[in-house]
Structures are given as structure tokens and as C-alpha cells.
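Colleague: Pasting a structure here, questions to come.
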Amino acid sequence: MRKRKINRSILIVCEGTKTEYDYFQYIGEKISIPRGVWDTVEVSTNVTIPKDIPIPAQTSLAKRKKKSFINPNKRKISDQNVLLKLCSYLYGEKEGFEKYENVKAVPLRFVALAQMLEEEQRIYEELWAVYDKDDHPFHKEASEKALELTNDKVVNIGFSSRSFEHWIILHFEKNKKEFLVTDCKDEKDEPLGCNKDIGCKGQTCLCGYIRTNTPLVNYSKSNSPKDFEDMMNVLMKPANLRKAISNAEWLREEIRNSEESNKPIYELNPFTDIDYLVKKLID
């Protein structure tokens, strides 16, 4: 009988600070660790990189780099400016400030963050970056960056298009509809709350489709703790989880048999391979 490795640790750097983060935290705490699949499931988000810290011009770097930065909320960042560090990690100290916009791009940033955390910690058996297609740039660069070895490890990518919500839909049905947006919004950039009675009625946005066509009638990108717990109880039912994995495999097979088969995954809509990561966490 093969002995299980001890102190197994997996790192998941994910785009969302709410839905995806809570989802993988839940699986880690409720399933992976209790079952002994992993000893540590570390989920990191873009909160790790303070987006609201101003980046100094290259000419002022020498004067300011040893000082703490103050963000607009007047909270002092005293330990380190992780975003500055990530700029230097990606491009070198000089060029990093000229390419700050590249670092802001979510896919490239998350892949690089997973690599940087592995270089510092050296404890992870697997590295994952989870993000969506949305309207993000630098998908190609992120995919290429993920193949670079960090302590003999690549960064595995858990990708969804248009967004993570397509993975949620697959828990209930086979679906290869191309959605235009994740959530319809008003002129103030607030979600419309589309459902069977209002908004696009699930024809245009993923969240509206979920509320209209699945049991998750209260689904939101910022679920309340109760709604989130109720949602996970539904999604983690063995029958629904098996269906999601099977339907994700079906969707990729549909793509392989279509005119889209030669496209890279970041040009596809719909697409998801989140099932690979979920299977890693539960089996």
C-alpha cells in the first residue's frame, strides 16, 4: 500500500475576493483537510497586492523606496509593498515601474504571485492560479508565464469563460451558451439583479441565468453568509458535483469537435477547467 505524503500543501491564487475565494476556502476546510486529501489549502486573493497604493515614478524610486506608503484610506502599509515587489519580480526593478499596467492585469499578476509565493515559502506541492476571461488583457502572457518552472513546478491554471459562474451552471445542466457579461449592471455600475421577471431574464448574463434556471434563485457575487452556506450545500451534493465534473468534460469535448478547437482557451466562450482543481481537492 502506497503511503500518503505528509504535510501536503496546495496554493490557490484566485481572482475573486468573494465567490471564488469563499468557494475554495469552503472545500478546503470542509472537505480536503477533514478527508486528509491536503494538510493545507492556502487560498490567496488580490487583497495580497494592495491595488490602492500609488506607484512612484521611476525617478522618485530611490528617494521613496525605503518609506512606508499611505493608501487613500490612511492605513499604513509598514511590512512591504507587495505590488512593488511583484513589479520587480516580473520585470526587474528598473523596468517594473514602466510596466505597471501589465502587473495590474489580473491573469499575469496572479500567475506571477503564485510563483513569487512559492519562491518565498517553498512549501507547496502544487500551484494554481484561478481566473476568468472577462475583459482582461495579457491572457497569452499569463499562459506562457505559467509554464516557467518555480522550484520545478509550473502554475496550473483554473480558467473559466466568461466567468466562474459557468462552472456553477454546470452543476445543474449541460450548457454551452455564450454569455455576454457575468452580471448586467445599471448606469451606476450596480448589478440589476436579473431574474425571470426583470433585467435580461437570464438571456445575457450568467448571474441572471443562474437565478432564473437553477435552484440558486438568490445567487449573487456577494452572497450573504447564509446564502453562501445554502449555495454550497446544494453545489456539494455528490450528485450535483458529479454532474458538474461530467458536464465540464462534455463542454470541452464539444469544443474539441467544433471550429473552435484550434483556439487557445483564453479566446473561448464558454469554457471551464475548474473541475480539474476540484477533483484535486476532494479525491
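The values are calculated or read from the model by the stated rules, or taken from the named source; none is laboratory data. The shown structure was predicted, so the numbers you read here are calculated from the model rather than taken from an experiment. Neighbour counts are summed over all protein chains in view; Cβ atoms, including those assigned to glycine, are modelled from backbone coordinates with ideal geometry.
Colleague: With CYS184, CYS207, CYS200 as the choices, which residue is touching a Lys or Arg at 6+ places or on another chain (Cβ under 8 Å), of a type outside the set (S, T, N, Q) and free of Cβ contacts under 8 Å to residues at least 60 places away in the same chain? So that I can check it myself, show each step before the final result.
Modeller: Values: CYS184 fails: touching a Lys or Arg at 6+ places or on another chain (Cβ under 8 Å); CYS200 fails: touching a Lys or Arg at 6+ places or on another chain (Cβ under 8 Å).
Just one listed residue meets the conditions, CYS207.
Colleague: If I go through the range 225-266 residue by residue, how many of them are within 19 Å of ASN175 (Cβ to Cβ) and in a helix (DSSP H, G or I)?
Modeller: Of the residues in that region, 22 qualify.
Colleague: Here's another thing I want to ask about it. Considering only the range 40-70, state which residues are surrounded by 15 or more Cβ atoms within 10 Å (Cβ to Cβ) and at pLDDT 50 or above.
Modeller: THR40, VAL41, GLU42, VAL43, SER44, THR45, ASN46, listed by residue number.
Colleague: Follow-up. Would you check if THR182 is in contact with a Ser or Thr (Cβ under 9 Å, 6 or more places away or on another chain), hydroxyl-bearing (Ser, Thr, Tyr) and over 30 Å from GLU120 (Cβ atoms)?
Modeller: Numbers: in contact with a Ser or Thr (Cβ under 9 Å, 6 or more places away or on another chain): yes; hydroxyl-bearing (Ser, Thr, Tyr): yes; over 30 Å from GLU120 (Cβ atoms): yes.
Considered against the rule, which asks whether it is in contact with a Ser or Thr (Cβ under 9 Å, 6 or more places away or on another chain), hydroxyl-bearing (Ser, Thr, Tyr) and over 30 Å from GLU120 (Cβ atoms), THR182 comes out as yes.
Colleague: Next up: If the requirement is being of a type in the set (Val, Ile, Thr), touching a helix residue (DSSP H, G or I) at 6+ places or on another chain (Cβ under 8 Å) and over 29 Å from LYS196 (Cα atoms), which of these qualifies: VAL234, VAL278, VAL217?
Modeller: Step by step, each of VAL234, VAL278, VAL217 is checked, and only VAL278 is of a type in the set (Val, Ile, Thr), touching a helix residue (DSSP H, G or I) at 6+ places or on another chain (Cβ under 8 Å) and over 29 Å from LYS196 (Cα atoms).
Colleague: Here is a further query. Which residues, taken from the range 253-283, are of a type in the set (D, E, K, R) and under 21 Å from HIS136 (Cβ atoms)?
Modeller: Listed by number, the residues that qualify are GLU260, LYS263, GLU267, ASP273.
Colleague: Using the structure shown, decide if ASP183 is of a type in the set (Asp, Glu), assigned to a loop (DSSP other than H, G, I, E, B) and within 20 Å of PHE271 (Cβ to Cβ). Outline the logic, then answer.
Modeller: Working: of a type in the set (Asp, Glu): yes; assigned to a loop (DSSP other than H, G, I, E, B): yes; within 20 Å of PHE271 (Cβ to Cβ): yes.
So ASP183 passes the test.
Colleague: Of (1) touching a strand residue (DSSP E or B) at 6+ places or on another chain (Cβ under 8 Å); (2) surrounded by fewer than 17 Cβ atoms within 10 Å (Cβ to Cβ), ALA142 satisfies all except one. Which?
Modeller: Only one criterion is unmet by ALA142, namely (2).
Colleague: Out of the range 241-258, which residues are of a type in the set (Val, Ile, Thr) and farther than 11 Å from LYS279 by Cα?
Modeller: Passing the criteria: only ILE255.
Colleague: Give the residues of the range 157-171 that are more than 22 Å from ARG109 (Cα to Cα) and in a loop (DSSP other than H, G, I, E, B), sorted by residue number. Steps first, answer last, please.
Modeller: Looking only at the range 157-171, we keep the residues that are more than 22 Å from ARG109 (Cα to Cα), and these are 166-171.
If the condition is that a residue be more than 22 Å from ARG109 (Cα to Cα) and in a loop (DSSP other than H, G, I, E, B), then LEU170, HIS171 are the ones that fit.
Colleague: Out of all the residues in the range 116-133, is one or more among the aliphatic types (A, V, I, L, M), under 15 Å from ILE10 (Cα atoms) and in a helix (DSSP H, G or I)?
Modeller: Yes: the range 116-133 contains one or more residues that are among the aliphatic types (A, V, I, L, M), under 15 Å from ILE10 (Cα atoms) and in a helix (DSSP H, G or I).
Colleague: Determine the pairs where a residue that is at pLDDT 85 or above and among the aromatic types (Phe, Trp, Tyr), located within the range 1-19, has a partner that is surrounded by fewer than 18 Cβ atoms within 10 Å (Cβ to Cβ) and assigned to a strand (DSSP E or B) with Cβ atoms under 7 Å apart, the partner being 6 or more residues away or on another chain.
Modeller: The qualifying pairs do not exist here.
Colleague: Scan the range 23-39 residue by residue and report those that are of a type outside the set (Lys, Arg) and in contact (Cβ under 8 Å) with a residue 40 or more places away in the chain.
Modeller: Once the filter is applied, which keeps residues that are of a type outside the set (Lys, Arg) and in contact (Cβ under 8 Å) with a residue 40 or more places away in the chain, the range 23-39 yields TYR23, PHE24, TYR26, ILE27, GLY28, ILE31, SER32, VAL37, TRP38.
Colleague: Among the listed residues PRO264, PRO225, identify the single one that is farther than 25 Å from ASP22 by Cβ, surrounded by fewer than 17 Cβ atoms within 10 Å (Cβ to Cβ), within 21 Å of the chain's Cα centre (by Cα) and not charged (D, E, K, R).
Modeller: Numbers: PRO225 fails: farther than 25 Å from ASP22 by Cβ.
Unique residue meeting the criteria: PRO264.
Colleague: Out of all the residues in the range 217-230, which are in contact (Cβ under 8 Å) with a residue 60 or more places away in the chain and hydrophobic (A, V, I, L, M, F, W, C)?
Modeller: The one that is in contact (Cβ under 8 Å) with a residue 60 or more places away in the chain and hydrophobic (A, V, I, L, M, F, W, C): PHE228.
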